[in-house]
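A short worksheet on the structure shown next.
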Amino acid sequence: MFPIFFLLAFLTPQPQETPKPMQPPKAAQKPQVLEKHNHKRTDEYFWLRDRENPEVIQYLKDENAYLDQAMAHTKELQAALQTEFKTRIKQTDESVPFRKDGHWYYYRTIEGKDYPVICRREGTMEAPEQVLVDGNKEAEGTKFFSLGAVEVSPNNQLLAWSADTVGRRFYTLRFRDLATGGQLPDVLKDITSNVVWANDNKTVFYAKQDPETLRSFRIYRHALGTDPAADVLVYEEKDVEFSVSVGRTRSKQYIVISSSQTITGEHRIIDAAKPDSAPVLFTPRSRGHEHTIDHFGDRFYILTNLNARNFRLMSTPEKQTAQAHWTDVIPHREDTLLDSMTIFKGFLLLTERRNALIHLRVRPWTGEGEHYIEFPEPAYAAGPGQNEEYDTPVVRFSYSSLTTPRSVYDYDTRDKTRTLLKRDEVLAGFDQNNYVTERLWATAHDGVRVPVSVVYRKGAPLKGDRPLYQYAYGSYGYSTDAYFNPYVISLLDRGFVYAIAHIRGGQEMGRQWYDDGKLMKKKNTFRDFISVTEHLVKSGYADPKRVYAMGGSAGGLLMGAVMNMRPDLYHGIVAQVPFVDVVTTMLDDTIPLTTFEYDEWGNPNKQADYEYMLSYSPYDQVEKKAYPNLLVTTGLHDSQVQYWEPAKWVARLRARKTGQNKVLMRTNLDAGHGGASARYQRYEEVARVFAFMIDLAGVR
């Protein structure tokens, strides 16, 4: 028996001490001198690169603990946001099926489960369901799971599928007999997710990456039933500025091996019916020549920037691929970027960009009846859908806007009618008529007009008293279209204005828009973003004291540069997996994303490039001044932006900044560049970011 006083000690409420606030973690400073072009830089946090060092891991854990305490008062808000996401986003759902080789393919999600289930039905949607890959089953026992290839053989009998269970984009490829469900003994490890079947139904081509730089540099051929160690090396890319991939033409007649870097491409072709044959060079690479190829009938079609900054479409006989035989199909236009093509038996579907909007153009091979598919809203996102069959008059495309949920249509090119197959169901009382979307134009520092897409909830007139959430990317020619984001509704319903800045570095306004936002013109990207913020504040869309910005990866570089240039404009900034240590990273050709990106950022081994990059590199430009509140996210296994970049940046900001604004960092110790793989963990990550902004904005 325990004495009565001992039991009372547990039954009687004891006085609780309020925990003392944690102090921000301080990484030890271990100065290391980095020298280049007679410049000496001291990197006191260089040692954080050692992921095997227990001191490094402990530092990352301490940062996580500090963030948890610093945001503990938002715990209920984060829980409320997660509940909103779960109730707004349909948990048990199914994608629109698409037809391929006599089967209907689709995926479905299940409430309470994190990963999709990939399925098909033979002939009709009334046929029995066949599960190809159940992501939930395959993810059991893992902390991270990313599905890579899901490729069915041409005869519909075999499945090749791959997965990454670490987050560093090294995949394991397995094979399954779809008739019996049995696993084949073939297992290919540590490859990319890029896999293509040959027409013999027993050969696959796959890409393999360098284990250190992660550059995809070799294409192998594997025959089922043979030892993977004996797989044939089909092509190796020797130039460290190039990476390789493998694909198949829409006609299914050719395997295409593509070498590419930022501004140059090259292709080799293999008869898909003769997978053992050697690859044949399509046309020799020439610096600055970008092109993609496809095949139809007895001709190849080439989307090329040859003497065409905004690209043009050309064709050539399939047995005469030298440039001397190329002829125009769609000529170059100064006001329109020819972005992509999809070949059908009776027509071409072209994706074009003009005046910061996507246009889908239907062009019959006969030349008669050419037209554009019309879209009604001032800002939107649209693009070709899953068009696996080419002998059809019907095009599938997707459409959304800042107020219209993702919608999938079938469009009959003969009578120009469209059929809505599905619009994502947004629950919890969402009504798109409660929101307003607008297209604005802000004037940049050099007089250039920058497009901006804006959405906000209807209500009181805008008078400069609403918090603003501004987003952008602005690199690699990647265009950020005005697509529907179901998470953002939680901000709009709390009074936020959401804006996408279509800044230079993307291609929203054509190829020149990209060229004017990279290399020695990269600062235009940052200045454009600042100009958009100033315009929104001046025009009454934002409370100047409650402006928040977010960007990820190269968009995280944008956040870091903007913070250094105009910290006074922003109350809070979110930098997700940010590329902030530009110079040091680009000088290190042993880590990913360096050598084959010299034409994006510059080559710091050249003095002029080095000095320009150094002048905006966020980590190198941290100064002793007041910075906005900052939330940084990263992943320990990130293969694109190594975790140590944000870790070093946060440590230096802590040591040098003035004022009392927060600097918080969250490292996902079980994920890579894309963050958590499980959807409910993603809800948690988004809720944390939104709570950070909502709390700062003082919204209750």
Checklist entry - Pick from ARG494, ARG566, ARG546, ARG511: which is farther than 23 Å from THR633 by Cβ, among the basic types (Lys, Arg) and touching a residue at least 24 places away in the same chain (Cβ under 8 Å)? => result ARG511
Checklist entry - Given the conditions (1) closer than 30 Å to LEU427 by Cα; (2) part of a loop (DSSP other than H, G, I, E, B), which single one is not true for CYS119? => result (2)
Checklist entry - Just for segment 612-634: of the residues that are more than 27 Å from MET520 (Cα to Cα) and touching a Ser or Thr at 6+ places or on another chain (Cβ under 7 Å), which one is modelled with the highest pLDDT? => result ALA626
Item to check | Candidates SER401, SER407, filtered to the one that is of a type in the set (S, T, N, Q) and touching a residue at least 60 places away in the same chain (Cβ under 8 Å) | outcome: SER401
Item to check | segment 162-184, residues that are of a type in the set (Phe, Trp, Tyr) and over 22 Å from ALA273 (Cα atoms) | outcome: PHE170, TYR171
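Yes or no, residue by residue, for (1) closer than 24 Å to LEU421 by Cβ; (2) over 23 Å from the mean Cα position of the chain (by Cα); (3) among the hydrophobic types (A, V, I, L, M, F, W, C); (4) surrounded by fewer than 17 Cβ atoms within 10 Å (Cβ to Cβ):
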{"site": "GLU52", "(1), (2), (3), (4)": "no, yes, no, yes"}
{"site": "LYS75", "(1), (2), (3), (4)": "no, yes, no, yes"}
{"site": "LEU81", "(1), (2), (3), (4)": "no, yes, yes, no"}
{"site": "THR87", "(1), (2), (3), (4)": "no, yes, no, yes"}
{"site": "LYS100", "(1), (2), (3), (4)": "yes, yes, no, yes"}
{"site": "ARG108", "(1), (2), (3), (4)": "yes, no, no, yes"}
Checklist entry - Among the candidates TYR680, TYR619, which residue alone is surrounded by fewer than 23 Cβ atoms within 10 Å (Cβ to Cβ) and among the hydroxyl-bearing types (Ser, Thr, Tyr)? => result TYR680
Checklist entry - Would you call ASP609 modelled with pLDDT of 95 or more, under 17 Å from LYS522 (Cα atoms) and surrounded by fewer than 22 Cβ atoms within 10 Å (Cβ to Cβ)? => result yes
Checklist entry - Can you tell me which of GLU237, GLU212 is among the charged types (D, E, K, R) and surrounded by 15 or more Cβ atoms within 10 Å (Cβ to Cβ)? => result GLU237
Item to check | Segments classed as strands (runs of 3 or more DSSP E), wholly inside segment 260-335, with at least 1 members that are crowded, with 18+ Cβ neighbours inside 10 Å and out of contact with any strand residue (DSSP E or B) (no Cβ under 7 Å at 6 or more places or on another chain) | outcome: 264-271, 280-283
Next on the checklist: Condition first: within 27 Å of the chain's Cα centre (by Cα) and part of a strand (DSSP E or B). Now tell me which residues in segment 205-235 satisfy that.
Outcome noted: PHE205, TYR206, ALA207, LYS208, GLN209, SER216, PHE217, ARG218, ILE219, TYR220
Checklist entry - Which one of the conditions (1) outside any strand (DSSP E or B); (2) in contact with a Lys or Arg (Cβ under 8 Å, 6 or more places away or on another chain) does LYS143 fail to meet, given that it meets all the rest? => result (2)
Checklist entry - For LEU402, all conditions in the list (1) part of a loop (DSSP other than H, G, I, E, B); (2) surrounded by fewer than 20 Cβ atoms within 10 Å (Cβ to Cβ) hold save one; what is the number of the exception? => result (2)
Next on the checklist: Given the options SER162, SER153, SER95, name the one that is in contact with a Phe, Trp or Tyr (Cβ under 8 Å, 6 or more places away or on another chain), surrounded by fewer than 19 Cβ atoms within 10 Å (Cβ to Cβ) and at pLDDT 95 or above.
Outcome noted: SER95
Checklist entry - Among (1) in a helix (DSSP H, G or I); (2) within 24 Å of ASN661 (Cβ to Cβ); (3) under 20 Å from the mean Cα position of the chain (by Cα); (4) not hydrophobic (A, V, I, L, M, F, W, C), which single condition is PRO578 missing? => result (1)
Item to check | Check on TYR380, in contact with an Asp or Glu (Cβ under 9 Å, 6 or more places away or on another chain) and surrounded by fewer than 16 Cβ atoms within 10 Å (Cβ to Cβ) | outcome: no
Checklist entry - If you check VAL426 against the conditions, is it under 24 Å from ASP528 (Cα atoms) and aliphatic (A, V, I, L, M)? => result no
Item to check | Hits in segment 224-241 (condition: of a type in the set (A, V, I, L, M, F, W, C) and at pLDDT below 95) | outcome: VAL240
Checklist entry - Looking at PHE175, is it more than 30 Å from TYR390 (Cα to Cα), assigned to a strand (DSSP E or B) and out of contact with any His (no Cβ under 7 Å at 6 or more places or on another chain)? => result no
Item to check | GLY346 of a type in the set (Gly, Ala, Ser), touching a residue at least 60 places away in the same chain (Cβ under 8 Å) and under 22 Å from ARG414 (Cβ atoms) | outcome: yes
Item to check | Unmet requirement for ALA163, which otherwise passes all of (1) in contact with a helix residue (DSSP H, G or I) (Cβ under 7 Å, 6 or more places away or on another chain); (2) farther than 27 Å from GLU237 by Cα | outcome: (2)
Checklist entry - Is it the case that GLY167 is in a loop (DSSP other than H, G, I, E, B), touching a residue at least 60 places away in the same chain (Cβ under 8 Å) and touching a Phe, Trp or Tyr at 6+ places or on another chain (Cβ under 9 Å)? => result yes
Next on the checklist: Of all residues being in contact with a Lys or Arg (Cβ under 9 Å, 6 or more places away or on another chain) and among the polar types (S, T, N, Q) in segment 645-676, which is nearest to ASP620 (Cα to Cα)? Just the residue, please.
Outcome noted: THR658
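The values are calculated or read from the model by the stated rules, or taken from the named source; none is laboratory data. None of these values were measured; they are calculated from a predicted model. As a convention, Cβ positions derive from the backbone with ideal geometry for all residues, glycine included, and neighbour counts pool all protein chains shown.
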